[in-house]
1. Go through the residues of the range 78-97 one by one and say whether even a single one is touching a Gly at 6+ places or on another chain (Cβ under 6 Å), free of Cβ contacts under 8 Å to residues at least 60 places away in the same chain and among the charged types (D, E, K, R).
2. Spot the failing condition for THR111; the list is (1) within 13 Å of the chain's Cα centre (by Cα); (2) at pLDDT 95 or above, and only one is missed.
3. Looking for whichever is surrounded by 21 or more Cβ atoms within 10 Å (Cβ to Cβ), of a type outside the set (S, T, N, Q), in contact with a strand residue (DSSP E or B) (Cβ under 8 Å, 6 or more places away or on another chain) and farther than 24 Å from GLY18 by Cβ here; the options are VAL90, VAL81, VAL97, VAL141. Which one fits?
4. If I ask for residues that are touching a residue at least 40 places away in the same chain (Cβ under 8 Å) and part of a loop (DSSP other than H, G, I, E, B), which ones from the range 129-138 would you list?
5. Looking at this structure, is LEU146 over 23 Å from GLY7 (Cα atoms), of a type in the set (A, V, I, L, M) and surrounded by 18 or more Cβ atoms within 10 Å (Cβ to Cβ)?
6. Which numbered condition trips up VAL128, out of (1) of a type in the set (A, V, I, L, M, F, W, C); (2) more than 19 Å from GLU69 (Cα to Cα); (3) in contact with an Asp or Glu (Cβ under 8 Å, 6 or more places away or on another chain)?
Amino acid sequence: MFGTKLGYAEYCTIPEDGLRHEVIDGVHFVNPAPTPRHQSVSSALNALLWQAIDSPGLGRVMASPLDVELADHDIVQPDIVVVLEDNMDVITKSRIVGAPDLVVEILSASTEKHDRERKFALYEKSGVREYCIVDTADRVVLQHALVDGRYELIANAREKLRLHVLPEVEIELARVWA
C-alpha cells in the first residue's frame, strides 16, 4: 500500500533478484550487487576480523547477505557485522534483531551517499557502538565511535585499524588493500 511503512514481514516478500534490498524508515532501497573490488576488500577484512574476534571466542563476525533489523521499519544488510559475546542475544535463527557492536560498510559508487549519510544516521540512532566506513579508492577506514549517543570520528586508519569495541584487536590494513 502506498504510504505504508514497510516492516520485516513485507521485507521478506521481496523476491530474490541478486540485488541488495534494505528498508530504512519503512522505505525500500535497492542497490546493485557489489563490485569485484568491493568483494575482495570485504572478504579480506572479514577474514582478518574473524581470525581476531570469532576464532578466539570474543564474538561473532558475519558478512552480508545478513538481515539486521534495527527497528520495526529499519532492516539493513551491512557488509560486515560484529556481535560481541555479551550481546549475543541479538542473534536469532533468521536475523540479527537489535544493534550489533560493530558495523562495517564498504563504499561503492552506488552506495556511497547512502552509507555516509542515511546509514550513518541510522546506525547512530540505533546505538551501533562502532561504525567503520571503508573507502577502497582512498584506502582508508573512517572509524566512528558512539560517544554520548553521537558518532565521533576517532580515526582515519590507513595502515592499522584498532577497534574501539575491542581495543586489543588491531587489523593490518595492508592485507585488506592487497
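The values are calculated or read from the model by the stated rules, or taken from the named source; none is laboratory data. Please read these numbers as outputs of a predicted model, since none were measured by experiment. In this analysis, Cβ positions are derived from the backbone assuming ideal geometry, glycine residues included, and neighbour counts consider all displayed protein chains.
1. Checked against the condition, which is being touching a Gly at 6+ places or on another chain (Cβ under 6 Å), free of Cβ contacts under 8 Å to residues at least 60 places away in the same chain and among the charged types (D, E, K, R), the range 78-97 yields at least one hit.
2. The single condition THR111 does not satisfy is (2).
3. Details: VAL90 fails: surrounded by 21 or more Cβ atoms within 10 Å (Cβ to Cβ); VAL81 fails: farther than 24 Å from GLY18 by Cβ; VAL97 fails: surrounded by 21 or more Cβ atoms within 10 Å (Cβ to Cβ).
The match here is VAL141.
4. Answer for the range 129-138, where residues must be touching a residue at least 40 places away in the same chain (Cβ under 8 Å) and part of a loop (DSSP other than H, G, I, E, B): just THR136.
5. Numbers: over 23 Å from GLY7 (Cα atoms): yes; of a type in the set (A, V, I, L, M): yes; surrounded by 18 or more Cβ atoms within 10 Å (Cβ to Cβ): yes.
So LEU146 passes the test.
6. The number of the failed condition is (2).
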